[in-house]
Amino acid sequence: MAPLDNTSGVWKSGRGKGRKTPKGRQLDDQAHSEILDLLGERPRDRDLLIEFLHLVQDKFGYISAAHIRALAEEMRTGQAEIYEVASFYAHFDVVKEGKTPPPALTIRVCDSLSCELAGAEQLKKALEEGMNPAKVRVLRAPCMGRCDTAPVLEIGHNHIDNATVEKVEAAIAADDTHVHVPLYETYREYAIAGGYEVLKNLRAHGDWEAVQETVLSAGLRGLGGAGFPSGKKWGFVRANEGPRYLAVNGDEGEPGTFKDRYYLERTPHLFLEGMLIAAWAVEAEKAFIYMRDEYPAVLEILRREIRALEEAGIVEAGYIDLRRGAGAYICGEESAMIESIEGKRGEPRHRPPFVAQVGIFGRPTLVHNVETLYWIAKINREGPECLNTVEKNGRKGLRSYSVSGRVKNPGVHLLPAGSTILDVIEAAGGMLDGHSFKAYQPGGPSSGLLPAHMNDIPLDFDTLQPHGSFIGSAAVVVLSDQDSARDAALNMLRFFEDESCGQCTPCRVGCEKAVKLMQAEKWDQSLLEELSQTMVDASICGLGQAAPNPIRLTMKHFPEEV
């Protein structure tokens, strides 16, 4: 056998040019310097990736390939990992080499049901025709949580309510593209009125089980939509060995819902004290607040007031960790939110294990909605009677109904939990002149549409399930005789198609196929029902499981339209 080194044509001589650099995208010195300036002294922790991407997006208006390479260098992780996270979220503009960055100004026009009813589609078209695309980019966007002032758009970080082309032109002329923070109750005002005294007393000599019993006796249930008895969660989390965390789900993305924003823009400390009471109850080592990026005013309020709490000695610096979402409805699902807090794509986890056992960083985590924590503070300040003494139609408690659509006074209306749709419409000033009540969405698009003649059902937990619907986050959209139930259902399915995280095939493909089938002149109802059943049975999380509700209820109650 011939020696290996004599085998002709196998071994290279070593002569030749060779490579001057390693394979792959090279580190750009300027981009690296820019990333170093942005990150400053912040720790290069992997879970902060989304926060770092926001820094880049805010500074430059997009995220370049060179910036991804520089971030990978600083975070000691792969570029592909950073790219897959950045490209998952709607508010990050990833620009590849050789591609043109987006214009300096972006206008996002909300196209959710309430805004569509108010003429958002025509507004978007008018803006596209009237703006220079080289300077202004006009995009459709999902619900911005301002359904009471539809149509709504966001220009930069400035939300324009009851938007018109003229208002947009005036804002551009005045360079008014920054967030406007409303007046709200500050820490000082809240403390003067007795705020945080309950928290201090509980920390000094409180019994968490007694507080849990108080919350349970009030009848408080999770107000993010699931309706689980709030106090019971505390025991589940405490049953697991620490360290434990608390996570606030502030990703209020269900179209038609804006109650959390309403409370946070007025009385943020009722929520913050409720959060700290819950954190005390489960001995949480840290509290994370995950707030949707569509609420820039709320984010600024929370930054200011968390700083005030730290300065007042209510919490240690860094105990409350405010995290900013990046435009993904799916992150309202608690395990997807936790994935996002960890700096990943917001894809729901398979369960079990549940987040009370394996949550943030694999530790037991208590997850609460913003309004739930608002009520926890009120219950502990005023007693459980503030909820359990209110009764209507056999139901106890109060509900914050986000009401929009064809009513005179849209907004958040606090009513007894047993209120019917007629009570809600009356509280909202009645129907608009010239409009007759036709249908309503009782709890966001996931709840589908119910006809006007089903007007005696209490809008509360457990009362709508027999009718194929549910109350969810109490996002009520009222439709009139001038609206099409078929078009409304299509609007809802387009939302689900756009917001599916894509992880599971039944939801990803099912929503897309449903939209195509619903655009036909006549619906193939048997095929739509078969598709709906598959999505309900096989989707990983509630998005795909609830997405067929608008299809099924429209076929059931409005057969003449489909």
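The values are calculated or read from the model by the stated rules, or taken from the named source; none is laboratory data. Keep in mind it's a predicted model, so treat the numbers as computed, not measured. Cβ atoms come from the backbone with ideal geometry, glycine included; neighbour counts cover every protein chain shown. Heavy atoms of the whole protein, side chains included, go into the accessibility calculation; ligands, DNA and RNA do not. Shrake-Rupley method; radii C 1.70, N 1.55, O 1.52, S 1.80 Å.
Among the cysteines of the chain, C143, C147, C331, C386, C501, C504, C507, C511, C541 have no other cysteine beta carbon within less than 4.7 Å of their own. Here D176 and T505 are evaluated by their C-beta separation; at R0 = 41 Å the FRET efficiency comes out at 0.40.
Here the range 27-69 and the range 330-388 have alpha carbon centers that stand 29 Å from each other.
Charge tally for K233 (other residues, Cβ to Cβ under 13 Å; Lys, Arg +1; Asp, Glu -1): +3.
Sort the range 205-324 into rounded, prolate or oblate with this rule: let a ≥ b ≥ c be the square roots of the eigenvalues of the Cα gyration tensor; rounded if a/c is under 1.5, and if a/c is not under 1.5, prolate when a/b is larger than b/c, oblate otherwise.
In terms of gyration-tensor shape, oblate.
Helix 525-538 and the longest principal axis of the Cα set of the chain meet at an angle near 70°.
The phi-based Karplus calculation (6.51 cos²θ - 1.76 cosθ + 1.60; θ = phi - 60°) puts the 3J(HN,Hα) values of the range 464-478 at 9, 4, x, 9, x, 9, 7, 7, x, 9, 6, 8, 9, 10, 9 Hz, whole numbers, x for Gly and Pro. Which percentage, to the nearest 5, of the DSSP beta bridges contained in the chain is antiparallel? Of the beta bridges lying entirely in the chain, close to 45 percent run antiparallel.
Once R0 is set to 35 Å, what does the formula 1/(1 + (r/R0)^6) return for the Cβ-Cβ distance between T77 and Q533, expressed as a FRET efficiency to the nearest 0.05? For T77 and Q533, the calculated efficiency is 0.25. If the cut-off is a Cα-Cα distance under 12 Å, which aspartates and glutamates reach K438, setting aside same-chain residues fewer than 8 apart in sequence? Cα-Cα hits under 12 Å: D481, D483. Scalar couplings 3J(HN,Hα) for the range 539-547, obtained by applying the Karplus form with A = 6.51, B = -1.76, C = 1.60 to θ = phi - 60°, are 6, 5, 10, x, 4, x, 6, 9, 4 Hz; x denotes Gly and Pro.
Only aspartates and glutamates eight or more places from K378 in sequence, or on another chain, were considered; those with a Cα closer than 13 Å are E197, E273. Over the range 397-504, what is the relative contact order in whole percent, taking alpha-carbon pairs under 8 Å and six or more residues apart? Rounded, it is 28 percent for the range 397-504. Extending 7 Å from the Cα toward the beta-carbon at both R44 and F228 defines two label points whose distance is 3.8 nm. Taking the longest Cα principal axis of the chain as reference, the axis of helix 505-518 is set at about 60 degrees.
In the range 13-95, Cα pairs under 8 Å separated by at least six residues give a relative contact order of 32 percent. Put the Cα centre of the range 108-130 next to the Cα centre of the range 453-490 and the gap is 24 Å. Legend: distances between Cα atoms for K96/K125; K124/K167; K259/K344; K167/K259; K232/K344; pairs beyond 18 Å are K96/K125; K259/K344; K167/K259; K232/K344.
A simple spin-label model places pseudo-atoms 7 Å from Cα toward Cβ; at E512 and Q122 they are separated by 3.4 nm.
Per residue, the chain exposes 43 Å² of solvent-accessible protein surface, assessed with a 1.4 angstrom probe and all protein chains in place. Across the chain, the mean sequence separation of Cα contacts (distance under 8 Å, 6 or more residues apart), normalised by length, yields a relative contact order of 13 percent. Viscosity 1.567 mPa s, temperature 4 °C: what is the translational diffusion coefficient of the chain from Stokes-Einstein with a Kirkwood Rh over Cα pairs, rounded to a whole number of µm²/s? Estimated via Stokes-Einstein, D reaches 51 µm²/s.
The slack in the chain from E84 to W280, taken as 0.36 nm per residue of separation less the alpha-carbon distance, amounts to 66.9 nm.
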